1. For a quick check: sort L21, L117 by the number of other beta carbons within 10 angstrom, fewest at the front.
2. Once both axes come from the Cα atoms, what is the angle between helix 103-115 and the longest principal axis of the chain, in degrees from 0 to 90, rounded to 10?
3. Just the projected area, averaged over all directions, of the convex hull on the alpha carbon atoms of the chain: how many nm²?
4. Putting +1 on Lys and Arg Cβ atoms and -1 on Asp and Glu Cβ atoms, find which of W104, A139, Q75 reaches farthest to the positive end of the dipole of the range 72-140.
5. Any chance you could run the full-extension gain for K76 through F64? It's 0.36 nm times the residue separation minus the Cα-Cα distance, nm to one decimal.
6. In degrees from 0 to 90, rounded to the nearest 10, what is the angle of the helix 83-92 Cα long axis to the longest principal axis of the chain?
7. Normalise the Cα radius of gyration of the range 1-88 by 2.2 N^0.38 Å (N = residues in it) and let me know the number.
8. Pick from W104, W90, W11 the residue whose mean-square fluctuation is largest in a GNM of the chain, springs joining Cα atoms under 10 Å.
Amino acid sequence: MGDASIESPEWRKVEVGRIVLVQGNSPYAGRLAAIVEIIDHKRALVDGPSADPKLVVPRQAISFSDVLLSDLKIQKLPRAVRTGTLKNAWEKAEIDAKWKESKWAKRKDQTERRKALTDFDRFKVMRLKKQRRFEERKALAKVKASA
C-alpha cells in the first residue's frame, strides 16, 4: 500500500477569534466583529470593539447567515472573553489596520465612493477613462510599428 497524505485546505473556519463582517438587515451591517463564543451550529456571540466609535458592534448573538468570515483572526483568544480584554487583543493584533489594507476593504470603499458620485462626477470619470484608453492605444500602436 502506498502512503496517503491528507491535507486540509485553508478554509475560513468558524472559530473563536475569527473576524467577521456583519451584513444583512442588521443596523451594524458593514462593520467588523470578532467571534467570542459559538452558541450552536447557526449562531455565535460576536463583539466588535473598534477604535472608531462609528464602527463599534455591541456584544450580541448573530446568525452565521448574517456574517461573512474574513481571513483575519485574533490568535489564542480565550472563549467568552470580556469586551475590555478583547479590545486589548484587537489593538495588539492591529485588526483595524490589517482590514484597511485588505483588498476587500479597499473594494468596499471604492464601491461606496462610486455610489456617492454625482452625474457630473461620473462624466469626469468617463472622460478620464477615455483619455487613458487613448494613451494606451497610442503606446501600443507605437510598439507595433517599431516591431
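Read the figures in this text as sums done on the coordinates, not as results from a lab. Bear in mind the structure is a predicted one, so any value in this text is a computation, not a measurement. Quick reminder, even Gly has a Cβ in these numbers, built from the backbone with ideal geometry, and neighbours come from all protein chains shown.
1. Ranked by crowding around the Cβ, least crowded first: L117, L21.
2. For helix 103-115, the angle is close to 60 degrees.
3. Average of the hull's projected areas for the chain equals 17.2 nm².
4. A139
5. Going from the current span to full extension adds 2.2 nm.
6. So the helix axis and the longest Cα principal axis differ by about 40 degrees.
7. So the Cα radius of gyration is 1.24 times the expected 2.2 N^0.38 Å.
8. Among W104, W90, W11, the largest mean-square fluctuation in the Gaussian network model of the chain belongs to W11.
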